[in-house]
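Structure, as structure tokens:
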Amino acid sequence: MLVSVIGTGYLGATHAACLAACGHDVVGVDSDPGRIEPLEHGRAPFHEPHLDELLDRGVRAGHLRFSTDVHDAAGAEVHFLCVGTPQRTGSRAADISAVHAAAAALAPLLTRPCLVVGKSTVPVGTARELATRLRRDAPAGEDVHVAWNPEFLREGHAVEDSLRPDRLVFGVEADEDDQVLRDVYVEMINGGVPVVRTDLATAELAKVSANVMLAARISLVNLLAEVCEAAAADIGDLTTVLGLDERIGPHFLSPGVGYGGGCLPKDTRAFVARAEELGVAGPAALLRDVDAINMRQRARTIDWTVALLDGRVQGRRIAVLGAAFKADSDDVRDSPALDVAATLQARGADVVVHDPKAAANAARAKPGLRIADGVEAACQGAEVVLVLTDWEEFRGIDPVSLLDVVARPQVLDGRLTLDPHKWRAAGWDFHALGRGAR
Ligand SMILES: NC(=O)c1ccc[n+]([C@@H]2O[C@H](COP(=O)([O-])OP(=O)(O)OC[C@H]3O[C@@H](n4cnc5c(N)ncnc54)[C@H](O)[C@@H]3O)[C@@H](O)[C@H]2O)c1
């Protein structure tokens, strides 16, 4: 099939590469030439494991093209909308102007029957509005159909999640639209991936609902962690106990500096905003608390750091290990690590950050921040070391050799990444969110 993908960021570039790997002819369109230029050469414009191989293969085989011109999407049988839906400035709600702009640019090109499929995460009700506008503005009129096919990929595992998702959700209005999506994903469906067919509204809600459940789970674990600290209990052992309960399960039970990135924080807030519009304000208040507990982790990390520096941060050297919102990604959108680093710097601390992949994005997002290209360089002369992203390479740091580099052997583990026994045995004053100084 000839397929277009509008918006080639973390979601769209991966989706385009995976569709090409499944045998479709794909054109990816993005209004940002900075995104398109590397993609045209078969390279991802961001760090995502295994994506470069897939892009390179698709581009070389001639199944995958990229363009800044939406006219190159004309003629596709299926158009996937993968543009960004960030938090609206000054509001909790999602900004869906890019979705409408992409659809408005596409509409005049839709001269034949086609399916426009939303993959972006949007407030429930967006798909219906989009369908009305497209049918009004496109030359093909009623022959333009709209479906919603939310994406559940995790950055850092995006390729694997896109090629072998846990489930596919097809929000459709007609059997023929369901069939088109089954044709697009035939390889995955034949491989055993389950499909859940829903109406448009349920499909729109599917992604944001998954994210609010995950956000709530993390904030609940962080609440337990804070109680553990206060009660001199151990959150690591506690989550092991909880994870062995088959009704709870072991995943997404890590306490720490909280969730971040381009999805969970803004999706939780957008869900609250939309629930309030729909008259469900009372129960949605639960998610305001989820958000508040999440932001509290950043404040607690900062307060703890200040306490480790005897209440004064002005001019004090602090090493921050991690800038990405999670390991295996270079994404610094709403990153707790970067937020903590920037806040400490704003209070006068001499902060140096190291991240294996997110240094360039961190420097762009916080131009005044000092960035080091290695763990030792970041820790040089530090009076406290903060570990704020769960990179595997931080787990492997040798606490003995790092002793020679720092000014004071104090570490605060914000991700339960380090082995407390090893670090204490090496002579470090070891602290961890949820574990206190135990
Ligand atoms: N990143 C993830 O892990 C992930 C997972 C699932 C769902 N989502 C959802 O997918 C959507 C995209 O997220 P992302 O992380 O890829 O964002 P992103 O910011 O990385 O990418 C969005 C892209 O859309 C482009 N764009 C904006 N307006 C455009 C237009 N009118 N025409 C063409 N291109 C346009 C931007 O230039 C950008 O490259 C969001 O709704 C997000 O919530 C993201």
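Things worth noting here:
- Of the residues making up the stretch 183-201, those that are farther than 14 Å from LEU19 by Cβ and of a type in the set (D, E, K, R) are ARG197, ASP199.
- Check on ARG133, closer than 21 Å to ALA201 by Cβ, within 15 Å of the ligand (Cβ to nearest atom), out of contact with any strand residue (DSSP E or B) (no Cβ under 8 Å at 6 or more places or on another chain) and not in a helix (DSSP H, G or I): no
- So SER209, is it within 16 Å of the ligand (Cβ to nearest atom), surrounded by 15 or more Cβ atoms within 10 Å (Cβ to Cβ), within 23 Å of the chain's Cα centre (by Cα) and hydroxyl-bearing (Ser, Thr, Tyr): yes
- Near pairs, Cβ below 6 angstrom, 6+ apart or cross-chain, from the stretch 70-84 (under 12 Å from ASP25 (Cα atoms)) to any residue that is assigned to a strand (DSSP E or B) and within 9 Å of the ligand (Cβ to nearest atom): ALA73/VAL29
- Filtered residues of the stretch 106-130 (kept if more than 23 Å from GLY9 (Cα to Cα) and either of a type in the set (D, E, K, R) or out of contact with any helix residue (DSSP H, G or I) (no Cβ under 8 Å at 6 or more places or on another chain) (or both)): THR111, ARG112, ARG128, GLU129
- Taken as a whole, the stretch 246-265 holds at least one residue that is on the phi < 0 side of the Ramachandran plot, at pLDDT 95 or above and assigned to a helix (DSSP H, G or I).
- The number of residues in the stretch 191-218 being among the aliphatic types (A, V, I, L, M) and not in a helix (DSSP H, G or I) comes to 3.
- Restricting the stretch 89-110 to residues that are assigned to a loop (DSSP other than H, G, I, E, B) and over 17 Å from the mean Cα position of the chain (by Cα) leaves a set whose member that is nearest to the ligand (Cβ to nearest atom) is ILE96.
- Criterion (in contact with a Pro (Cβ under 9 Å, 6 or more places away or on another chain) and assigned to a helix (DSSP H, G or I)) met by exactly one of VAL221, VAL241: VAL221
- Residue in the stretch 323-339 that is assigned to a strand (DSSP E or B) and at pLDDT 95 or above present: no
Table: residues versus (1) of a type in the set (D, E, K, R); (2) over 30 Å from VAL208 (Cα atoms); (3) without any contact (Cβ under 8 Å) to a residue 12 or more places away in the chain.
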| residue | (1), (2), (3) |
| --- | --- |
| ASP303 | yes, yes, yes |
| ALA307 | no, yes, yes |
| VAL332 | no, no, no |
| ALA337 | no, no, no |
| ASP350 | yes, yes, no |
| GLY368 | no, yes, no |
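- First in the stretch 1-21 and within 22 Å of PRO113 (Cα to Cα), second anywhere and part of a helix (DSSP H, G or I) and near the ligand (Cβ under 8 Å from one of its atoms), Cβ under 6 Å, 6 or more apart: VAL5/GLY12; ILE6/ALA102
- Only one of the listed residues (ALA292, ALA203, ALA270) is away from the ligand (no atom under 16 Å from the Cβ) and either closer than 30 Å to ASP178 by Cβ or surrounded by fewer than 18 Cβ atoms within 10 Å (Cβ to Cβ) (or both). That residue is ALA292.
- When the stretch 262-304 is filtered for residues that are of a type in the set (Ser, Thr, Tyr) and within 20 Å of the chain's Cα centre (by Cα), only THR268 remains.
The values are calculated or read from the model by the stated rules, or taken from the named source; none is laboratory data. As the structure is a computational prediction, the values presented were derived from the model and not from experiment. For neighbour counting, all protein chains shown are included, and Cβ atoms are generated from backbone atoms with ideal geometry for every residue, glycine included.
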